[in-house]
Amino acid sequence: MSAGVAIAGLGLLASWLLVRAKSRRAEREHPPTGSFITVDGVKLHYLERGQGPVLVLLHGNGVDATDWEHSGLLDAAAEHYRVIAFDRPGFGYSERPRTTVWTPDRQARLLHHALQELNVDSAIVAGHSWGTLVALNMGLQVPDFVRGLVLVSGYYYPSVRMDVMVGAPPAIPLVGDALRYTVAPLAGRLIWPAAVGRAFAPLPVSERFRAVSLWMSLRPGQLRANAADSSLMVPAAMSLARRFGGLKVPVQILSGTQDGVCDCAHNAERLHAALRHSELSVTPGVGHMLHYAEPGKVLGAIDAIASQVGVPAHLPSARENAVAAAGESGV
């Protein structure tokens, strides 16, 4: 018995040392490239590019603000908008104090306060996946601030989620802390290819996504944020679904017919039917990572909101045409 305990202890120690080394190396190789702002006692990291009407980008679970950069959408949009892409609390280089339960509602309030500190008085807000929950809450909280919403591959109605049950343990106090500093990142490394493949299916994983740092996503702090957000997803959708009737801002809803993470019919089509001021764009043969497969369509939806609320539409730039062509080719 004692020998077994000793071996297990040595194994956990070796795991801890490996995770610490991998995390530190990832941060050395991928230092923060944006700016920091402290609001409501929370230090947030964000990327900012371009000039013009403000566009806020909210990433999904498991990644950070650089996901918008790798997809090509951030730089394409920055040709005509002032684009601000936040690392949501606990992701990338943003803090996530443990004294707060970071529901989508609470994240929306924090990011709205941050935008006010950045002298933003109104914005179009676009979210992908989990980020759509934050975007919707912001639209409900401050409709005079949010000019319109662009919702990409979102989760809007509660459903049975096996991935939530599998991904939640690192958020459990004490036990989760031990897991995320030892075996959870190693397990995450093993399942990463399958998880990413499922997100992009039925298309192959985009070459642009391969620039995403695996070990930045598997750092203990980000694993806690990812697990906590996963555990909050179903109750958040349940709460939101009762309030959709109060949403007053225009909404563009985008989804792929083959989304295996957030089913199109259960989420996008149902939300469109529930909203008075929405337009739905469904793309055949595309999965969850629509902003990689069809960045031009996402940018088109952003432009549609801008035109609807009084910002003139623009002709596609050379960069936008290149991004759209890359999306159509699946690279």
> Where residues in region 21-52 are in contact with a His (Cβ under 8 Å, 6 or more places away or on another chain) and either open to solvent by 60 Å² or more (accessible area, probe 1.4 Å) or part of a loop (DSSP other than H, G, I, E, B) (or both), which of them is nearest to Gly148 (Cα to Cα)?
Replying inline: Gly52
>> Could you tell me how many of the residues in region 193-203 are surrounded by 18 or more Cβ atoms within 10 Å (Cβ to Cβ) and without any contact (Cβ under 8 Å) to a residue 40 or more places away in the chain?
In response: 1
>> For a quick check of your reading of the model, give me the residue pairs whose first member lies in region 64-82 and is in contact (Cβ under 8 Å) with a residue 40 or more places away in the chain, whose second is surrounded by fewer than 23 Cβ atoms within 10 Å (Cβ to Cβ) and aromatic (Phe, Trp, Tyr), with beta-carbon atoms closer than 9 Å and at least 6 apart or on different chains.
In response: Asp64/Tyr93; Asp67/Phe209; His70/Phe209; Ser71/Phe209
>> Can you report the number of residues in region 238-259 which are at pLDDT below 95 and small (Gly, Ala, Ser)?
In response: 4
> Take the residues of region 250-308 that are touching a His at 6+ places or on another chain (Cβ under 6 Å) and part of a loop (DSSP other than H, G, I, E, B): which is farthest from Glu69 (Cα to Cα)?
Replying inline: Pro250
> Given the conditions (1) open to solvent by less than 20 Å² (accessible area, probe 1.4 Å); (2) touching a helix residue (DSSP H, G or I) at 6+ places or on another chain (Cβ under 6 Å); (3) farther than 28 Å from Gly90 by Cα; (4) of a type outside the set (A, V, I, L, M), which single one is not true for Tyr292?
Replying inline: (3)
>> Name the residue that is least open to solvent (accessible area, probe 1.4 Å), counting only residues in region 227-249 that are farther than 22 Å from His59 by Cβ and assigned to a helix (DSSP H, G or I).
In response: Phe244
>> Between a residue in region 126-146 that is in contact (Cβ under 8 Å) with a residue 40 or more places away in the chain and over 27 Å from Gly260 (Cα atoms) and any residue that is part of a helix (DSSP H, G or I) and open to solvent by 10 Å² or more (accessible area, probe 1.4 Å), which pairs come within a Cβ distance under 7 Å, given they are 6 or more apart or on different chains?
In response: Leu140/Gly246
> In region 154-162, is there at least one residue being within 19 Å of the chain's Cα centre (by Cα), in a helix (DSSP H, G or I) and closer than 25 Å to Gly285 by Cβ?
Replying inline: no
> Mind checking whether some residue in region 204-214 is exposed (fewer than 15 other Cβ atoms within 10 Å of the Cβ) and farther than 28 Å from Leu73 by Cα?
Replying inline: no
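The values are calculated or read from the model by the stated rules, or taken from the named source; none is laboratory data. Note that this is a predicted model, so its numbers are computed, not measured. Cβ: placed from backbone, ideal geometry, glycine included. Neighbour counts: every protein chain shown. To get the accessible areas, we keep the full protein, side chains included, count just its heavy atoms, and leave off ligands, DNA and RNA. Shrake-Rupley method; radii C 1.70, N 1.55, O 1.52, S 1.80 Å.
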